[in-house]
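What follows is a single structure, written as structure tokens, with notes after it.
The values are calculated or read from the model by the stated rules, or taken from the named source; none is laboratory data. Because the structure is a prediction, the values reported are computed rather than measured. Cβ sites come from the backbone with ideal geometry, for glycine too, and all protein chains shown count toward neighbours. Note: areas computed on protein heavy atoms with side chains; ligands, DNA, RNA excluded. Shrake-Rupley method; radii C 1.70, N 1.55, O 1.52, S 1.80 Å.
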Amino acid sequence: MKFVKDFRDRELAEKLLSAINHEAEPSRTYRFMEVCGSHTMAVSRFGLRSLLPKNIELVSGPGCPVCVTPQWEIDAIFEIASRDDVTIVTFGDMIRVPGSRGESLQKLRAEGADIRIIFSPLDTLKIAEETGKDTVFIGIGFETTAPTSAALAKMAKELGRTNVFIAPFCKTVPEVMDVLLSDETLEIDGFLCPGHVSVVTGLDIYKPVTAKKRSAVVTGFEPLDILSSVLEMVRQHNKGEYEVKNFYTRAVKNEGNVKAQALLKEVFYQADTDWRGLGRIPKSGLRFRDEYKFVDALARFGIAETGVTDLKGCKCGDVLKGKMKPSACPMFDNGCTPQNPYGPCMVSSEGSCSAYYKYER
Amino acid sequence: MCLGFPGKLIEMDDFKAVVDIDGTTREVSLMMLPDEVVIGDYVMVHAGFAIAKMDPDEAQKTLEALREFADLLDEEGQL
Ligand code: SF4
């Protein structure tokens, strides 16, 4: 497939690597963050971290939606799931995420709870119609996925459905990047910006990054995408001139997807919300506007926001900020494995702990 | 989670389409797609929605730029 295979060309990848080696100045260090969990996975899977010169460090960031979902939101799902006559509808990534008491949707399902894994949020409509029960879609995700929750809300409204609900757990990327930029202990020189978030948002959201003298390169998920972006960030850093670049033009338009942006605006407003490891970040969450409040699962089930973000003993918080390598967590491969995860970063296929466990152990 | 897959449009009406992603067919919604598409085009598929039209010319341009850059390195004898 031309959009994938060509971007894995080994010879070109090797040339990019030697150019990176050539241009990275031995006296400097370069710390770049891959914001997106899919980038973390690609970097691990293609073994890119070990191929780069020692003074270039790629650190993983907060871009795995399952991982950043705070503990109280996870526990809220179990609270809803414990009611009679409720169907939970979710993406597959959530099924093994552990609750505070070690419960998971997978276990609950084995005990007979009605839990359905879907591919598209719109499948919720059909399930709700078939069962007639209160049907709750777990709406997690960033700007890539949030419009799909919005689409479900809009369809539920248009069809006059009263038994479709959505847990409003979607979060937005610019606000969390801003928190990372303001953290002086982090010393990040550039960001590999999330390609599929950018498909929706466009490039303007990264202007604050370059204004703070860090590079921002929007890129895809194949080795050539990542290596050419690292080279670009090395060059920008050497010159001290920073510019937002789009290296994923085959999918990302500079203005983004205007239809998806309009849908987000129509359904959601931006509210303060909690992140695992990062705490409460102003205006970083998406909550339903009054016209769509009828689908809000938190309101329907009277769920209180407790503000508890982390699991005791799990270091996901530090991992998500790029402060700790997964392998440095005392529980890594020692009570926490993909087969038996303790924290969400080990559960999700794009969580940093699971990426390191699979490929960089 | 934010995974997107390039899929080839093989059937469509005003709202829905069927795409072929690497040999598997999937139904996707077009309600979020801002671009005009025809059968045979590639779209980025995410969670049951086409979220962007993939641009083969842009893919080509990116690859050509990389190849030119590699040739330049060869000429300069950097490698
Ligand atoms: S290894 Fe497990 S416990 Fe440690 S940070 Fe990762 S998910 Fe949390």
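Observations on the structure shown:
Here's the yes/no breakdown for (1) out of contact with any strand residue (DSSP E or B) (no Cβ under 8 Å at 6 or more places or on another chain); (2) under 24 Å from A:E350 (Cα atoms):
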| residue | (1), (2) |
| --- | --- |
| A:F7 | yes, yes |
| A:L12 | yes, no |
| A:S18 | yes, no |
| A:S27 | yes, no |
| A:V35 | no, yes |
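- On inspection, A:G307 qualifies as touching an Asp or Glu at 6+ places or on another chain (Cβ under 7 Å), open to solvent by 10 Å² or more (accessible area, probe 1.4 Å) and away from the ligand (no atom under 16 Å from the Cβ).
- Of the residues screened, A:K265 is not one that is farther than 30 Å from B:L63 by Cα and within 16 Å of the ligand (Cβ to nearest atom).
- Leading residue by the ranking (farthest from the chain's Cα centre (by Cα)) among those in segment B:29-63 that are of a type in the set (S, T, N, Q) and part of a helix (DSSP H, G or I): B:T62
- All conditions but one from (1) crowded, with 22+ Cβ neighbours inside 10 Å; (2) within 14 Å of another protein chain (Cβ to nearest Cβ); (3) within 16 Å of the ligand (Cβ to nearest atom) apply to A:S349; the one that does not is (1).
- Annotation: A:L286 fulfils all but one of (1) away from the ligand (no atom under 16 Å from the Cβ); (2) open to solvent by 20 Å² or more (accessible area, probe 1.4 Å); (3) farther than 27 Å from A:R31 by Cβ; (4) not in a helix (DSSP H, G or I); the unmet one is (2).
- One residue stands out among those in segment A:75-97 that are surrounded by 21 or more Cβ atoms within 10 Å (Cβ to Cβ), closer than 20 Å to A:K312 by Cα and at pLDDT below 95: the one that is farthest from the other protein chains (Cβ to nearest Cβ), which is A:V97.
- Residue match in segment A:234-253 (condition: within 16 Å of the ligand (Cβ to nearest atom), within 29 Å of A:T90 (Cα to Cα) and surrounded by 22 or more Cβ atoms within 10 Å (Cβ to Cβ)): no
- Counting only helices (runs of 4 or more DSSP H) that sit wholly inside segment A:1-74, those with at least 1 residues that are in contact with a helix residue (DSSP H, G or I) (Cβ under 9 Å, 6 or more places away or on another chain) and within 12 Å of chain B (Cβ to nearest Cβ) are A:10-23, A:37-45, A:65-68.
- Those residues of segment A:324-340 which are near the ligand (Cβ under 6 Å from one of its atoms) and within 22 Å of the chain's Cα centre (by Cα), in sequence order: A:P326, A:C329, A:F332, A:C336
- Looking only at residues of segment A:121-141 that are open to solvent by 10 Å² or more (accessible area, probe 1.4 Å) and in a loop (DSSP other than H, G, I, E, B), we find that the one that is nearest to the other protein chains (Cβ to nearest Cβ) is A:L122.
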